[in-house]
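What follows is a short report on a single structure.
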Amino acid sequence: LVGRMDEGMSHLILLAVPLFVFLGLLIEMTGMARAMVAFLASLLGHVRGGLHYVLVGAMYLVSGISGSKAADMAAIAPVLFPEMKKRGAKGGDLIALLAATGAQTETIPPSLVLITIGSVTGVSIAALFTGGLLPGVVLAITLSALVWWRYRHEDLSHVKRAGIGEIARTFVIALPALALPFVIRAAVVEGVATATEVSTIGIVYAVLAGLLLYRQFDWRRLLPMLIETASLSGAILLIIGTATGMAWGLTQSGFSRALAAAMTGLPGGSATFIAVSIVAFTILGSVLEGIPAIVLFGPLLFPIAKAVGVHEVHYAMIIILAMGMGLFAPPFGVGYYAACAIGRVDPAEGIRPILGYMLALLVGLIIVAAFPWISIGFLKQ
């Protein structure tokens, strides 16, 4: 068992975990996240529900850099929440949307979940990085549709529209930060660097941008950031290691064979298999937390998905999004309470508003599940 735990933590690809965690902290410290949010706010701040769209868009962009949901939320909430509250948004609604965007952006590279699923199932991480971009867009559209409905009567008479000059200025300032997700993705997909190597490219890029362009680099914060990186990475690696040991135990006990037989024998073929997987991973995501659910059940279910004719990248996107919904849904989801802590809002306030957002996410997930092209359309055949 200890050997299996050690094996689970020893994948070379998992070197990317501490590096991406550190990169997420750097993005926040160097002001890159703030620059991106400022650009989006100048673009959409005058629209009804505009700052809510900014929150959805900013989470999409920042997730493409940091790979850590906690780092994403901590980078964006302090920048947007004060202004949104000034415009009359309630704290409960804000953390509900923050948690929902956390679930929406689980598939966006270089998500730690994508790296983990690639390391435990053998699916190409470059393919996962390519396939993860569009599902996040689909869920962003369904969330934005609900935001539009909820805020269609918002009073914005006191809000001044940003001029073309201000939008252009904030865009130029944000450009180095906006370019980073594309640099990371291009380097992995084009084979310039592996997922592990590209995180160091991101760190060098962020350090140079912080020192030379944004002139924001607090050397005193470096040691606390490294300590936070080590503690969070240690927790993630220990989870992966113990879950790998447990997965081996489940295999030895015969549980995995029984599960495989039950799932393969489901009537209705691939459609039923996908529906059952969505329900199972939503529940597992809320109870087990995200990465352990993937590590435990990914290796068991991916061969079955292949057997019933579901593309492995498409299946990865479905279970990651389902798991993300569970992770950020109250009353059990750990991610929901993380969002409450970051937004400094009582968890009880967000439970009613988040129901609508979870429904919007479910609609988006069903669309992603029904149309495999969304996940695999851009893969090199």
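The values are calculated or read from the model by the stated rules, or taken from the named source; none is laboratory data. Please read these numbers as outputs of a predicted model, since none were measured by experiment. Cβ coordinates were reconstructed from backbone atoms using ideal geometry, including for glycine residues, and neighbour counts include every protein chain displayed. Accessible surface is based on the protein model in full, side chains and every heavy atom, while ligands, DNA and RNA are left aside. Shrake-Rupley method; radii C 1.70, N 1.55, O 1.52, S 1.80 Å.
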So, for the Cα atoms of segment 184-237, Rg and Dmax in Å stand at 13.7, 37
Given all pairs of distinct Cα atoms, segment 234-292 yields a Kirkwood Rh in Å of 13.0
Once Val287 and Ala348 are pulled to full extension, the length gained, defined as 0.36 nm per residue separation minus their Cα-Cα distance, is 20.1 nm
The simple spin-label model distance between Glu83 and Val279, using points 7 Å out along Cα→Cβ, in nm, is 4.4
Taking Cα atoms, the helix 32-44 axis meets the longest principal axis of the chain at an angle in degrees (rounded to 10) of 70
Applied in sequence order to segment 266-276, the curve 6.51 cos²θ - 1.76 cosθ + 1.60 (Karplus, θ = phi - 60°) yields integer Hz couplings, x standing for Gly and Pro, of 5, x, x, x, 5, 4, 5, 4, 5, 4, 5
Plugging the Cβ-Cβ distance of Val192 and His153 into 1/(1 + (r/R0)^6) at R0 = 45 Å yields, to the nearest 0.05, a FRET efficiency of 0.35
Applied in sequence order to segment 131-137, the curve 6.51 cos²θ - 1.76 cosθ + 1.60 (Karplus, θ = phi - 60°) yields integer Hz couplings, x standing for Gly and Pro, of x, x, 6, 5, x, x, 5
Of Tyr205, Tyr337, ordered by accessible area with the largest first and a 1.4 Å probe, the sequence is Tyr337, Tyr205
Counting only protein heavy atoms with a 1.4 Å probe and every protein chain in place, the carbon and sulfur fraction of the accessible surface of the chain in whole percent equals 69
Probe 1.4 Å, heavy atoms of protein chains only: per residue, the accessible area of segment 11-56 in Å² is 28
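So what is the 222 nm mean residue ellipticity for the chain from helices alone, if each DSSP H run of at least 4 adds -39500 (n - 2.57) and you divide by all residues, rounding to the nearest 500 deg cm²/dmol? Numbers along the way, then the final one.
Details: 19 runs with 293 residues, N = 381.
About -25500 deg cm²/dmol.
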For volume of the Cα convex hull per residue in Å³, with candidates [x] 208; [y] 187; [z] 135, the value calculated from the shown model is option [z]
Neighbours of Thr105 by Cβ distance under 13 Å: Lys/Arg at +1, Asp/Glu at -1, summed charge -1
Along segment 304-311, Karplus-curve 3J(HN,Hα) (6.51, -1.76, 1.60; θ = phi - 60°) to the nearest Hz, with x for Gly and Pro, reads 5, 4, 4, 5, 8, x, 9, 4
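Taking the solvent-accessible surface of protein heavy atoms with a 1.4 Å probe, what is the per residue accessible area of segment 182-329 in Å²? Show your work: numbers first, answer last.
Details: 6730 Å² over 148 residues.
Counting only protein heavy atoms, the per-residue value for segment 182-329 is 46 Å².
Taking only pairs that are 8 or more places apart or on different chains, how many Lys pairs in the chain have Cα atoms under 24 angstrom apart? Don't skip to the end; give the middle numbers.
Values: Lys69/Lys85; Lys69/Lys90; Lys85/Lys160; Lys86/Lys160; Lys90/Lys160; Lys306/Lys380.
Summing the qualifying lysine pairs gives 6.
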